[in-house]
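Shown next, in structure tokens, is the structure this report addresses.
The values are calculated or read from the model by the stated rules, or taken from the named source; none is laboratory data. Being a predicted model, the structure only gives us computed values, none of them experimental. Here the Cβ is made from the backbone with ideal geometry for all residues, glycine too, and neighbour counts use every protein chain on show. What goes into the accessible areas is simple: the full protein's heavy atoms, side chains included, and nothing from ligands, DNA or RNA. Shrake-Rupley method; radii C 1.70, N 1.55, O 1.52, S 1.80 Å.
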Amino acid sequence: MSNNNGVISFPKDKFAESDELIKTKKSFSDEKRDISERMFIAYRAIVNMLFNYVQSGHPGGSISAGRIMLGVMLNENTKMDISDLDRPDSDVIGFAAGHKALGLYSFLGLIYDIVKLKDPKLYNSIGRKIRFEDLLGFRKNPATVLPLMKKFGSKRLDGHPTPETPGVVLATGASGVGFGGFGGYAFAKKEYYDNPPVVNIIEGEGGMTPGRVHENLAHFWALSLWNLIIHVDWNNASIDTDSVCSSDGPGQYVNWKPHELGLLHGYNVVYVNNGMDVSQIKVAQDEVFAGYMSKRMSPNMIVYKTVKGEGYIVGRKSHGAGYKFDSDEYFNAQKIFEKTFNVNLIKSPDSTPNIKEEYLYKNLLVVEKALANDSKLLDFAFNRLMSNRDSLNRARRTPKKGKAEIGVLFSANSSLMNVKKTPQEIYYKPGSFITLRESLGKTLSYLNRATNGGFYGFAADLVGSTSLNLMCVGFPEGFVGPENPFAKIIPTGICEDGGSSIVAGISATGHYIGVGSSYATFIGPMSFTAARLFAIAYQAKHGQNMAPLILINAHAGLKTGEDGPTHACPQTLTIWKSFSKLKLKTITLTPWDANEIWPLMITSLKYKPVLIVPYVTRPSELIVDRKRYGFPEVQETSQGIYYIRKAKKSKATVLYQGAEVGVELPNIVTELDKEKVDVNILYVSSAELFSYLPAKKQEEILPAEFKRNAMAITGYTIDTMYEYLLSEKGRDSSLHPFKKGIFLGSGPGGEVLKQAGLDVKSQISAIKSFIKNK
């Protein structure tokens, strides 16, 4: 990209500027240009209005992105159905950071009101839409009840977008997560359809500073996401600075320009020199839609040089703030709208909540009146919306032949999903040795083949190490990409943050199940944000047209001791259990026997949960002869908690959790039997699966009286067992990795367990002491 003088030069086949394109490419007629600008003025008036009455939101970026959104929605190449923006074959407009939610709602309210004015019958037939009446619910909690909201049944519009809003496929807002999510969504659509939908990401340059975004920029190139367009609203202002990037001088945050960043990653890039000129915006978008995308090679980026808060408060001060309610400054900012449409907005008599709601609605009706009086605007916009709907129908986007079929995984009647019948290839004979991660990899492989390739996964440069490579048996080895299109592994490098965002986006399509894998100590905290936003979207969509997300916490626990305390982490289970009190089903799996993996995974998938989080250790372990030790059949694990040993009379109970302690159960039971210690021993293989059992069944397995007489022995932090330990004595007697109040040292797993007081001798001693004291 640089010549010998160090001056940046751009490849002509990958880069274009709107100043040059507009000289040779067809753009708007003068009339359509003026109409498009009037639409933007009306849009900006709604943005200003919503902030005025709510005094919350992000007006500056919403304004600077307005022409970009309108340009995409009304472009001749866009294929969207305004009567059903949730169609799975539809193009997508997505806000990666979500700060521009104020703009999104204003944009949708404007578009749907145009439909209302042009075709009331069509408008009334649309199920999911944003009405002007719904704008009354901007940033309102469901607990908030105001008169007009109640009268109109107004939606509550979240501060950052979620799928509660039509056309929104992901929940976004947390730093950079939406960026990778939309990339994963685009990838899954590209793999599923012959003629896939186009995914348009709208993001500001400030939203491109998070590290996970830079991870994803590389991933999108590696995946050849030609059906992806990143629209960069380069207003160069964030919350704290008016100089994010290098522009006329050095940036305060980063030393790159967005279009340079795109070219560095091999994207097709168009730079819009004036992002406030609708004609330049049109030729730039046309160049990507009809030009670069036809090559089906690289991701695409359009960078628009804009002004944050144009016509309002310019720069960073309008990021999350604006003019005071009904101030003179506010009405001055709205004069261009009033003059353009020859209308007058109405000042509120006071600022009580009911009055503010009333006058917001009155002023929205002023906007509606302005639109109704502009027949050319209505005709242009409505005809474009109808043409784009027709284009989508004509495109006949159909799934590829031999597409994946994951629905069988969630069917209670499927012969595949038989908990009691483990497939021969993933059953391990007593006396053999195998790792839990290998057993999980082979289980996923079996399901991947049974669904005709229903799984895609990434591992943070640990594909073989965490046994995720086994998921791909029956499919081409290596990473998926242009040269290896049928492979099942996403190329990410050491990127748990970015990779988790991508697989969450894959699962969000409902076409495939996304799988992430890494050390538990890394993937736990680094994938949490992506998983949390995925769960919010899952809740909003009630799981419809979405698939579970699987996050493998591999090399889990103290038996990764050779890597030291930086890697042998017992803490992350707490993160995932924090989801368990939600109505959404999120399932953690903590098996100790490799043969438990199949029944646990099958039972979990039948619930179609939002998350499945298996914990698997690194070393090979002996497959125990359960009959020899009087242990129950392995299928019992699907209950989540099951008996290893029942006491003859005693109510004293020991609850085990974690493979590092569970694999010692044969030795523990043998020693206790020798010493005639009467105690109940149960194993916790999935706290959530146990909680989904009927209350009567739970009490039958683990009575409350047993909980009052219980201690725990766990390879994880003790808080993960508190719900089963109803006495201080039981909690104090329990064994766990932080019992001594320190991070443990390095060394072979057995030595680390000994340091923690979790070796067999220490376990026996603790159990005997607990029973004696009781």
If I filter region 14-33 for residues that are closer than 17 Å to Gln285 by Cβ, modelled with pLDDT of 95 or more and in contact with an Asp or Glu (Cβ under 7 Å, 6 or more places away or on another chain), do I get at least one hit?
no
For region 639-691, list the helices (runs of 4 or more DSSP H) that sit wholly inside it and hold at least 1 residues that are among the basic types (Lys, Arg) and open to solvent by 10 Å² or more (accessible area, probe 1.4 Å); which are they?
665-674
So which helices (runs of 4 or more DSSP H) are wholly in region 517-619 and hold at least 2 residues that are of a type in the set (Gly, Ala, Ser)?
520-541
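Each row is one residue, and each column tells you yes or no for (1) touching a strand residue (DSSP E or B) at 6+ places or on another chain (Cβ under 7 Å); (2) closer than 22 Å to Val624 by Cα; (3) among the polar types (S, T, N, Q).
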site: Asn667; (1), (2), (3): no, yes, yes
site: Glu671; (1), (2), (3): no, yes, no
site: Ala687; (1), (2), (3): yes, no, no
site: Leu725; (1), (2), (3): yes, no, no
site: Ala756; (1), (2), (3): no, no, no
Looking at region 594-601, is at least one residue surrounded by 24 or more Cβ atoms within 10 Å (Cβ to Cβ), under 21 Å from Leu533 (Cα atoms) and in contact with a Ser or Thr (Cβ under 9 Å, 6 or more places away or on another chain)?
no
Which ones in region 413-456 are touching a strand residue (DSSP E or B) at 6+ places or on another chain (Cβ under 8 Å), surrounded by 15 or more Cβ atoms within 10 Å (Cβ to Cβ) and either aromatic (Phe, Trp, Tyr) or assigned to a helix (DSSP H, G or I) (or both)?
Tyr428, Leu436, Arg437, Leu440, Leu444, Leu447, Asn448, Phe455, Tyr456
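Can you work out which of the residues in region 285-302 that are in a loop (DSSP other than H, G, I, E, B) and buried (at least 19 other Cβ atoms within 10 Å of the Cβ) is modelled with the highest pLDDT? Don't jump to the end; show me each part of the working.
Residues of region 285-302 in a loop (DSSP other than H, G, I, E, B): 296-299.
Cutting the leftovers down to buried (at least 19 other Cβ atoms within 10 Å of the Cβ) gives us 298-299.
Details: Ser298: 93, Pro299: 97.
For region 285-302, the residue satisfying everything is Pro299.
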Taking only region 461-484 into account, find how many residues are within 23 Å of the chain's Cα centre (by Cα), surrounded by 20 or more Cβ atoms within 10 Å (Cβ to Cβ) and assigned to a loop (DSSP other than H, G, I, E, B).
4
Could you tell me whether any residue of region 246-266 is closer than 27 Å to Asp34 by Cα, of a type outside the set (A, V, I, L, M) and either open to solvent by less than 40 Å² (accessible area, probe 1.4 Å) or within 30 Å of the chain's Cα centre (by Cα) (or both)?
no
I want to confirm something. Restricting to region 510-534 and keeping residues that are open to solvent by 10 Å² or more (accessible area, probe 1.4 Å) and of a type in the set (S, T, N, Q), which single residue is farthest from Gly715 (Cα to Cα)?
Thr529
Test Gly109 against the stated conditions and say whether it is under 20 Å from Phe380 (Cα atoms), open to solvent by less than 10 Å² (accessible area, probe 1.4 Å) and touching a residue at least 24 places away in the same chain (Cβ under 8 Å).
yes
Got a number for residues in region 621-631 being open to solvent by less than 30 Å² (accessible area, probe 1.4 Å) and either of a type in the set (Gly, Ala, Ser) or outside any helix (DSSP H, G or I) (or both)?
3
Which of the numbered conditions does Phe182 fail, given that it passes all the others? Conditions: (1) surrounded by fewer than 18 Cβ atoms within 10 Å (Cβ to Cβ); (2) at pLDDT 90 or above; (3) not small (Gly, Ala, Ser).
(1)
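Would you mind stating whether Gly311 is under 25 Å from Gly275 (Cβ atoms), small (Gly, Ala, Ser) and open to solvent by 40 Å² or more (accessible area, probe 1.4 Å)? Outline the logic, then answer.
On the way: under 25 Å from Gly275 (Cβ atoms): yes; small (Gly, Ala, Ser): yes; open to solvent by 40 Å² or more (accessible area, probe 1.4 Å): yes.
In short, yes.
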Kindly check whether there is at least one residue in region 303-319 that is outside any loop (DSSP other than H, G, I, E, B), farther than 26 Å from Asp248 by Cβ and at pLDDT 95 or above.
no
Subset of region 20-61 (residues that are within 22 Å of Leu135 (Cβ to Cβ), assigned to a helix (DSSP H, G or I) and open to solvent by 20 Å² or more (accessible area, probe 1.4 Å)):
Arg38, Val54
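Answer yes if at least one residue in region 696-713 is assigned to a helix (DSSP H, G or I) and under 30 Å from Tyr446 (Cα atoms), and no otherwise. Show your work before the answer.
Kept after step one, since they are assigned to a helix (DSSP H, G or I), are these residues of region 696-713: 696-701, 704-707.
After this cut, where a residue has to be under 30 Å from Tyr446 (Cα atoms) as well, the list is none.
Checked against the condition, which is being assigned to a helix (DSSP H, G or I) and under 30 Å from Tyr446 (Cα atoms), region 696-713 yields no hits at all.
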Need the failing condition index for Leu558 against (1) touching a strand residue (DSSP E or B) at 6+ places or on another chain (Cβ under 8 Å); (2) open to solvent by less than 10 Å² (accessible area, probe 1.4 Å); (3) touching a residue at least 60 places away in the same chain (Cβ under 8 Å), just the number.
(1)
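Quick check: anything in region 325-337 at pLDDT below 95 and either of a type in the set (Gly, Ala, Ser) or on the phi > 0 side of the Ramachandran plot (or both)?
From region 325-337, those at pLDDT below 95 are none; that's our starting set.
No, region 325-337 contains no residue that is at pLDDT below 95 and either of a type in the set (Gly, Ala, Ser) or on the phi > 0 side of the Ramachandran plot (or both).
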Qualifying positions in region 421-460 - within 22 Å of the chain's Cα centre (by Cα) and modelled with pLDDT under 95:
Ala460
Scan region 124-146 residue by residue and report those that are open to solvent by 20 Å² or more (accessible area, probe 1.4 Å), farther than 20 Å from Ser56 by Cβ and not basic (Lys, Arg).
Asn124, Ser125, Gly127
If the requirement is being within 36 Å of the chain's Cα centre (by Cα) and at positive phi, which of these qualifies: Gly747, Gly741?
Gly741
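Of these, Lys729, Lys696, which one is free of Cβ contacts under 8 Å to residues at least 12 places away in the same chain, over 23 Å from Thr435 (Cα atoms) and basic (Lys, Arg)? Break it down into steps so the answer makes sense when it comes.
Numbers: Lys729 fails: free of Cβ contacts under 8 Å to residues at least 12 places away in the same chain.
Unique residue meeting the criteria: Lys696.
So, Phe107, is that one more than 20 Å from the chain's Cα centre (by Cα) and of a type in the set (Phe, Trp, Tyr) or not? Quick ask: steps written out before the conclusion?
Working: more than 20 Å from the chain's Cα centre (by Cα): yes; of a type in the set (Phe, Trp, Tyr): yes.
Considered against the rule, which asks whether it is more than 20 Å from the chain's Cα centre (by Cα) and of a type in the set (Phe, Trp, Tyr), Phe107 comes out as yes.
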If you go through Gly173, Gly178, the only one that is in contact with a Leu (Cβ under 8 Å, 6 or more places away or on another chain), closer than 25 Å to Lys308 by Cα and part of a loop (DSSP other than H, G, I, E, B) is Gly173
